[in-house]
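Student: Input: one structure, supplied below.
The values are calculated or read from the model by the stated rules, or taken from the named source; none is laboratory data. Predicted model only: the values in this text are computed from it and were never measured. Glycine gets a Cβ as well: all are built from the backbone with ideal geometry, and neighbour counts include every protein chain shown. Surface areas here come from the heavy atoms of the whole protein model, side chains and all, with no ligands, DNA or RNA. Shrake-Rupley method; radii C 1.70, N 1.55, O 1.52, S 1.80 Å.
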Amino acid sequence: MLVSSDLLLHFQRCRRRAFLDIYGDDRRKTPSENFLLKLREDSQAHRELELSEYPYVQPDYARGQWRDGVAQTIELMQAGTPCIYRGAIAAPWDSSTMLLGKPDLLVRTDRPSELGGWSYICKDIRFGKRPKLDYQIVSIFNSFVLASVQGAWPETAEIALRDRGVHRVDFQHRRTEALEVTAQCVETLRDRREPDLFLSRQKCSLCQWHGECHRTALRTRHLSLLPGVTPNRYTQLEALKLRAIDDVFALPFERLALAVGAESADRIYRQARASLSNVAIPLALPVSLAGDPPALERALADPSENFLPAEISPERAIADFPDADIELHFDIEAEPDREVDFLFGVLAVDRRTGAQTFHEFLAETPEDEGYAWNEFVSFVLSHPDAPIYHFCDYEVKTIARMARRYGTPLRQWQAMADRCVDLHWWATQTVAMPVESYSLKAMARWLGFAWRDSEANGAQCICWYNDWLESGDRHHLDRIVLYNEDDCRATYRLKVWLEQFLRVPAMAAHLELECPRAIAL
């Protein structure tokens, strides 16, 4: 069996991914998303910038022919080549496993070894901005293999980071840990023990095995489909023999509360019931009702303010959703690497007439950001009484940041910030919805909303903006604006539903107007 440094990196991030890389059916992989391709291109640009400082020699061997690469690399090392790019070094772990190190650079030093009066250290080039632990583990893995090849441990290993210079790996504190991870990787892959899956909302999104794992999770009703079940939480639940959503109701609430705390147990019970029943459940319902649909229906037939958390009375819920004639639904598109917020989108809704009008404030180039911002501010200030609905806190933070950057008077931007209403906060604090995450897309899609461009998402918009800047093809900008408008309309859809949901006395009569199965009555 062959364990490479790339495989070890994947193993640290997801053991199941490493297993599938070896034993999975490649036909079940999904194509790489454009955003991942962009990351690879940016990483390659960073790599080329670092390499410009080294007069390197690169072994010439075909992909997959690692033995040829090892032979050529050893020849170059024995000749004392100052710098070797993408060399291959190998050493046995035991009688049935070979370790394959593939450091980005092997850099010669004056420290003696079995090669002669010189030896090498490993230098990896990473696009990250900090020396993540998995980077360091791989560097030590490569150094371990290198020590076997040259007969001496290198004095250090280096990681060239983006915008942060070079990090020197601490062998003394990390070497034992790196070897333990290597042993775990070898044991898992050699025994062909398929690791349990766990769907992480962020870490899994760009993995080509995500679709395969998601299908498996749906088939088994895996607990990681529930929002709020983090890796640490899942470890606690697994210790209680809870792996599927259905398992939750086989365990007395008291036992679950003892393991994870009463508040977390309450949320898990409600979320599991919502997911299995495909209904939305108020978070303040007694947990006995959340687990008993008939009792839930009877309770909802005579609703009272006790269905909301004590600190959120029905009166306050309605007050925090102002009864204004005009309301604004706000969303931003940004390009983090260029540090530019290039689109401020606003859907203005006239509640008197039902008219909905989308306004785009677009920076066609990064230099236009200030103009787009000031136009946005002028528009919002022209509606001084309109609440500004948004999703998560990025928009409020951006208002403050843009105001400082472009000198917007404090009284103006503070008044704008004071009118902001975060629908993500309201959704997560008041209701358990049958969704896999409390993202805008997940919730709005459950409510029946559909984005017009099926390929669009925030990451894709970053790619499209860069494509526009490089090509001048306005079609890329048009797709971004369409996506941003749909985000604003999805925000409005969620707001309307939440407003009805929070009006507890009218809950039973109105919920089905906005969602086919909001509460089963």
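Student: All but one of (1) assigned to a helix (DSSP H, G or I); (2) open to solvent by less than 50 Å² (accessible area, probe 1.4 Å); (3) modelled with pLDDT of 90 or more; (4) not aliphatic (A, V, I, L, M) hold for P227, so report the exception by its number.
Tutor: Among (1) assigned to a helix (DSSP H, G or I); (2) open to solvent by less than 50 Å² (accessible area, probe 1.4 Å); (3) modelled with pLDDT of 90 or more; (4) not aliphatic (A, V, I, L, M), P227 violates only (1).
Student: Could you list all residues from the range 395-414 that are within 20 Å of D331 (Cβ to Cβ) and either part of a helix (DSSP H, G or I) or hydrophobic (A, V, I, L, M, F, W, C) (or both)? Before the answer, list the steps.
Tutor: Within the range 395-414, the first condition is being within 20 Å of D331 (Cβ to Cβ), and the residues that meet it are 395-403, 405-406, 408, 413.
Across the range 395-414, the qualifying residues are E395, V396, K397, T398, I399, A400, R401, M402, A403, R405, Y406, W413.
Student: Still on this structure, I have one more. Filter the range 190-207 for residues that are more than 18 Å from R243 (Cα to Cα) and out of contact with any Lys or Arg (no Cβ under 7 Å at 6 or more places or on another chain); which is surrounded by the most Cβ atoms within 10 Å (Cβ to Cβ)?
Tutor: Ranking the candidates gives C204 first.
Student: Going residue by residue through the range 238-247, is there one that turns out to be without any contact (Cβ under 8 Å) to a residue 40 or more places away in the chain, β-branched (V, I, T), farther than 24 Å from P31 by Cα and open to solvent by 50 Å² or more (accessible area, probe 1.4 Å)?
Tutor: no
Student: Let me ask you something else. Checking the structure you have, find out if any residue of the range 381-388 is under 29 Å from E470 (Cα atoms), touching a residue at least 12 places away in the same chain (Cβ under 8 Å), open to solvent by 10 Å² or more (accessible area, probe 1.4 Å) and in a helix (DSSP H, G or I).
Tutor: Taking the range 381-388 first, the residues under 29 Å from E470 (Cα atoms) are none.
Within the range 381-388, not a single residue is under 29 Å from E470 (Cα atoms), touching a residue at least 12 places away in the same chain (Cβ under 8 Å), open to solvent by 10 Å² or more (accessible area, probe 1.4 Å) and in a helix (DSSP H, G or I).
Student: Now for a separate question. Do you know which residues across the range 414-432 are open to solvent by 30 Å² or more (accessible area, probe 1.4 Å) and within 24 Å of the chain's Cα centre (by Cα)? Give the derivation first.
Tutor: Our first condition is that a residue be open to solvent by 30 Å² or more (accessible area, probe 1.4 Å); within the range 414-432, this holds for 414-415, 418-419, 422, 424-425, 429.
Answer for the range 414-432, where residues must be open to solvent by 30 Å² or more (accessible area, probe 1.4 Å) and within 24 Å of the chain's Cα centre (by Cα): D422, H424, W425, Q429.
Student: Would a scan of the range 208-217 turn up a residue that is modelled with pLDDT under 90, over 30 Å from Q500 (Cα atoms) and open to solvent by 50 Å² or more (accessible area, probe 1.4 Å)?
Tutor: For the range 208-217, residues modelled with pLDDT under 90, over 30 Å from Q500 (Cα atoms) and open to solvent by 50 Å² or more (accessible area, probe 1.4 Å): present.
Student: Which of (1) touching a residue at least 60 places away in the same chain (Cβ under 8 Å); (2) more than 18 Å from Y492 (Cα to Cα); (3) surrounded by fewer than 20 Cβ atoms within 10 Å (Cβ to Cβ); (4) more than 23 Å from the chain's Cα centre (by Cα) is the odd one out, the single condition Q356 does not satisfy?
Tutor: (2)
Student: Picking from K102, K132, which residue would you name as being of a type in the set (D, E, K, R), open to solvent by 60 Å² or more (accessible area, probe 1.4 Å) and under 15 Å from V70 (Cα atoms)? It would help to see each step written out before you state the result.
Tutor: Working: K132 fails: under 15 Å from V70 (Cα atoms).
None of the others qualify; the one that does is K102.
Student: Continuing with the same structure: Mind checking which residues of the range 248-278 are open to solvent by 30 Å² or more (accessible area, probe 1.4 Å), among the aliphatic types (A, V, I, L, M) and within 20 Å of W446 (Cα to Cα)?
Tutor: The answer is L276, and nothing else.
Student: Being outside any helix (DSSP H, G or I), modelled with pLDDT of 95 or more and surrounded by fewer than 20 Cβ atoms within 10 Å (Cβ to Cβ) is true for just one of D478, D453. Which residue is that?
Tutor: Working: D478 fails: outside any helix (DSSP H, G or I).
Matching residue, one of D478, D453: D453.
Student: I would also like to ask the following. I'd like to verify a number: residues in the range 86-126 that are on the phi < 0 side of the Ramachandran plot and either assigned to a strand (DSSP E or B) or of a type in the set (F, W, Y) (or both), how many? I'd like the intermediate steps shown before the answer.
Tutor: Going through the range 86-126, the residues on the phi < 0 side of the Ramachandran plot turn out to be 87-115, 117-126.
Remaining after also requiring either assigned to a strand (DSSP E or B) or of a type in the set (F, W, Y) (or both): 89-94, 97-101, 105-109, 113, 118-125.
Qualifying residue count, the range 86-126: 25.
Student: Then there's this: Residue pairs, Cβ under 6 Å, 6 or more apart or interchain, first in the range 109-136 and more than 15 Å from C83 (Cα to Cα), second among the charged types (D, E, K, R) and not in a loop (DSSP other than H, G, I, E, B). List them.
Tutor: Q136/R174
Student: Oh, and also: Can you report the number of residues in the range 456-473 which are among the small types (G, A, S) and either open to solvent by less than 30 Å² (accessible area, probe 1.4 Å) or touching a residue at least 40 places away in the same chain (Cβ under 8 Å) (or both)?
Tutor: Total satisfying the criteria: 3.
Student: If you don't mind, another one. Can you name the residue in the range 164-217 that is basic (K, R) and assigned to a helix (DSSP H, G or I) and is also nearest to the chain's Cα centre (by Cα) among such residues?
Tutor: Out of the qualifying residues, it is R215.
Student: Quick check on the range 138-156. Is at least one of its residues surrounded by fewer than 21 Cβ atoms within 10 Å (Cβ to Cβ), under 36 Å from the mean Cα position of the chain (by Cα), closer than 19 Å to T182 by Cβ and free of Cβ contacts under 8 Å to residues at least 24 places away in the same chain?
Tutor: no
Every residue, every condition in (1) in a helix (DSSP H, G or I); (2) crowded, with 17+ Cβ neighbours inside 10 Å; (3) free of Cβ contacts under 8 Å to residues at least 40 places away in the same chain; (4) of a type outside the set (V, I, T), yes or no:
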position	(1), (2), (3), (4)
S43	yes, no, no, yes
E50	yes, yes, no, yes
D60	no, no, yes, yes
R63	no, no, yes, yes
D68	yes, no, yes, yes
Q72	yes, yes, yes, yes
G80	no, no, yes, yes
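Student: Something else: If you go through the range 176-189, how many residues are surrounded by fewer than 18 Cβ atoms within 10 Å (Cβ to Cβ) and either modelled with pLDDT under 90 or of a type in the set (A, V, I, L, M) (or both)?
Tutor: Step one: list which residues in the range 176-189 are surrounded by fewer than 18 Cβ atoms within 10 Å (Cβ to Cβ), which gives 176-177, 179-180, 183-184, 187.
Still in the list and also either modelled with pLDDT under 90 or of a type in the set (A, V, I, L, M) (or both): 179, 183.
Residues flagged as surrounded by fewer than 18 Cβ atoms within 10 Å (Cβ to Cβ) and either modelled with pLDDT under 90 or of a type in the set (A, V, I, L, M) (or both) within the range 176-189 amount to 2.
Student: Any residue at all in the range 303-326 that is surrounded by 14 or more Cβ atoms within 10 Å (Cβ to Cβ), closer than 15 Å to K495 by Cα and modelled with pLDDT of 95 or more?
Tutor: Yes, the range 303-326 has at least one match.
Student: Does T430 meet the test of being at pLDDT below 95 and β-branched (V, I, T)?
Tutor: Numbers: at pLDDT below 95: yes; β-branched (V, I, T): yes.
Yes: the conditions hold for T430.
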